[in-house]
Amino acid sequence: MEHFAERNIIAAIARQQARTAADLVRGIGDDCAVVRKAGGLVDLWTTDALVEGVHFDLAWHPPELLGRKAASVNISDIGAMGGRPRFALLALGLPAACPKEFLDKMVAGFLDVLAEHDMVLVGGDTVYAGERLLLSITVCGEMAEKQVCYRSAARPGDLVWVSGCLGNAACGLELCRQGWQGQEEYALLCRAHLDPQPQVRLGRMLAESGLIHAMMDISDGLATDLAHICQGSGVGAEIMAEEVPLAGELQKAAAALQLSTMQLALQGGEDYQLVFTSPAQNSGPLRNLSQEAGVDIACVGRIVAGAQVMLRQDGEWRDISFQGYEHRF
Ligand SMILES: [Mg+2]
């Protein structure tokens, strides 16, 4: 069977979808669709599905944390535009033998995250799904139209920033796979995979500040997600390997697992941190905003004329565009 990159499938569907609407501000192609409503506000729409055996493994993913993650990865896309998540729809595909206790715990975790973000579950569906558990979630958010942060707004000369540390989730997944999940020293990394924390508050603060140009969340690895910003904006980017923020725990675990920290950080995916671009003169105010938000940010490179995401590591340049997590079809 021929394999297609996810972005090629999305592009093909977008080409088939020729219709538009007067109040549609942005359709297919960003973290969320943007629909205008009254009072200078827009609704943000996003959906994401998690499939057993592809996105999670019940051998190590407790039901509460699976429910939490399903909510968080969707909420992250609202934060990536700078919006406030409001409502969720939950569609469950359940295998034949799904214990009620498991289901209750999973839904409880899902609802806990919604409560943390002052959101409401407003509907959904439950269907029989044969062998595998499937969670398909739609989230609606809201924000001021003039504050929406698109992927297409990066400009040459902008600096490239990321929140938090990168690679923790990919490393955590590998630790879970290898059965090291119970080890105290790896708790932070495993948690990053099992229960990621979407940067919604930081995203909103950045959007409201007017300090940034483009923004998206890092779901497939910086190499791919920054390439989406570059493609959407018609620009290139240069990333300095030594500036990529790495947790001390990641460096230790990567050494123990004999994995490359840079590969985990740039290609691993699922960190649900934010990547954003900003004019160089805004760096001071951005650092103040980061302190106020209580979330570290790091400048990892800059936007340039061109079309590639280039990484400088050990004095050598290489093209890492779209080298992140690949969904296989
Ligand atoms: Mg996204």
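The values are calculated or read from the model by the stated rules, or taken from the named source; none is laboratory data. Nothing here was measured: the structure is a model prediction, and the numbers come from that model. Don't worry about glycine lacking a Cβ; one is built from the backbone with ideal geometry, like all the others, and counts go over all protein chains shown. Please note that ligands, DNA and RNA were not included when accessible areas were found on the heavy atoms of the full protein model with its side chains. Shrake-Rupley method; radii C 1.70, N 1.55, O 1.52, S 1.80 Å.
Taking each full run of DSSP H in the chain as one helix, which ones are at least 20 Å long along their axis (Cα atoms) and have mean Kyte-Doolittle hydropathy of at least -1.0?
Details: long enough: 63-79 (24 Å, 0.09); 100-116 (24 Å, 0.51).
Helices meeting the span and hydropathy rule in the chain are 63-79, 100-116.
Per-residue ellipticity at 222 nm from helix content only, as computed over the chain with -39500 (n - 2.57) for each DSSP H run of at least four residues, stands at -10500 deg cm²/dmol. In the chain, taking the dipole from charged Cβ atoms about the Cα centre, the farthest positive-side position among 44, 188, 262 is held by 44. Which values of log₁₀ I(q)/I(0), to two decimal places, follow from the Debye formula for the chain at q = 0.07, 0.14 Å⁻¹ with a uniform point scatterer at every Cα? Once normalised to I(0) and log-transformed, intensities are -0.27, -1.17.
Among the protein heavy atoms, those of residue 102 account for about 40 Å² of accessible surface (1.4 Å probe, every chain in place).
Residue ranking by accessible heavy-atom surface, 1.4 Å probe, largest first, among 161, 317 comes out as 317, 161. The H on the amide N of residue 309, modeled in the peptide plane, is under 5 Å from the matching H of 237, 320, 321, each at least 5 residues off or on a different chain. Computed from point charges on the beta carbon alone (+1 for Lys and Arg, -1 for Asp and Glu), the dipole magnitude for the chain about its Cα centre is near 800 Debye. A simple rule links phi to the HN-Hα coupling: the Karplus curve 6.51 cos²θ - 1.76 cosθ + 1.60 with θ = phi - 60°, which for region 259-276 gives 10, 7, 4, 5, 5, 4, 6, 9, 10, x, x, 6, 6, 6, 8, 9, 10, 8 Hz, with x for Gly and Pro.
Taking amide hydrogens as placed 1.01 Å from N in the peptide plane, the amide H of residue 86 sits under 5 Å from those of 140, 141, 142, each at least 5 positions away in sequence or on another chain. The trypsin sites (Lys or Arg not before Pro) of region 274-329 meeting both criteria, a DSSP state outside H, G, I, E and B (loop) and at most 16 other C-beta atoms within 10 angstrom of the site's C-beta, are 328. The alpha-carbon of residue 100 sits under 26 angstrom from the alpha-carbons of these lysines, leaving out residues fewer than 8 places away in its chain: 69.
Annotation for region 1-86: trypsin sites (Lys or Arg not before Pro) lying in DSSP loop with at most 13 further Cβ atoms inside 10 Å of their Cβ are 19, 37.
Ranked by the mean number of other Cβ atoms within 10 Å per residue, highest first, peptides 208-220, 125-137 order as 208-220, 125-137.
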